[in-house]
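Asker: Shown below is the structure under consideration.
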Amino acid sequence: MTDVNANETPELPAPPGFETFSLSAATLDSLHEAGFHVPLPVQRACFEPLRAGRDALVQAATGTGKTLAYGLPLIEGLSPTSQGPSFLVLAPTRELAAQVAGELGRIGGKGGLKIALLYGGISVEPQMETLRRGVHGIVGTPGRVLDIFDLMPKMLKTLRILVLDEADQLLSMGFEPDIEAIVQRFPGRYQGVFVSATLPPDILRLAERFLRDPALIALAEDGITPSEIRHEMF
């Protein structure tokens, strides 16, 4: 019979890591190098339905790992023989667009992922040249994406996934007409993923119009801010 010290806390098993996602070796290496070893709840909830091609409406607060929640399925779904961009991520600001593109590039770069970052305020020519050289995905703000789609309509032919990141902010900033114009340009059926910190009625209305039988993944509550975020006032 083994003696048990009542003061000892039993050792809990380690939570399952990203290995359970059946990721490529290149993606796993990049995750580990970036210090990511255990999926966050939103990443675990999103991976299977998004990887299976299902539309999704995801409620997740800023700082909860939402970029990789939709980013990992995007990265793992890339076709090495693709002749053009397969996914489009729309963000409300150039800062968020740059952040998303950087995160996807950091995790998908070893596997050869190439991304075009499109936003206004700078010349359109370098961005068009990036697209001409060939990319797997596009991350950008709605206005500049529409501009380039009008200039380079062939870029639309291979798109099959649309992600709205911070969908509530996109609508509050008045981008709904641009989103509708972009959706109308998509070449047929697409997989739609809307990620939003909140789910007000206008987001639900937009999802009803542009998503097909979406999985509802709600992991955030209004008014809750992740503890890792620091607020400063100047």
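Asker: Does residue 3 qualify as being among the charged types (D, E, K, R), at pLDDT 95 or above and out of contact with any Ser or Thr (no Cβ under 8 Å at 6 or more places or on another chain)?
Answerer: no
Asker: Related question: Tally up the residues in the range 43-62 that are open to solvent by 40 Å² or more (accessible area, probe 1.4 Å) and either polar (S, T, N, Q) or in contact with a Ser or Thr (Cβ under 8 Å, 6 or more places away or on another chain) (or both), please.
Answerer: Adding up the residues that qualify gives 1.
Asker: Is there any pair with a first residue in the range 133-144 that is more than 18 Å from residue 175 (Cα to Cα) and a second that is modelled with pLDDT of 95 or more and of a type in the set (Phe, Trp, Tyr) whose Cβ atoms are under 8 Å apart and which are 6 or more apart or on different chains, and what are they?
Answerer: 136/87; 137/87
The values are calculated or read from the model by the stated rules, or taken from the named source; none is laboratory data. Note that this is a predicted model, so its numbers are computed, not measured. When we count neighbours, we look across all protein chains shown, and the Cβ atoms used for this are built from the backbone with ideal geometry, even at glycine. The area values use the complete protein model at the heavy-atom level, side chains included, leaving out ligands, DNA and RNA. Shrake-Rupley method; radii C 1.70, N 1.55, O 1.52, S 1.80 Å.
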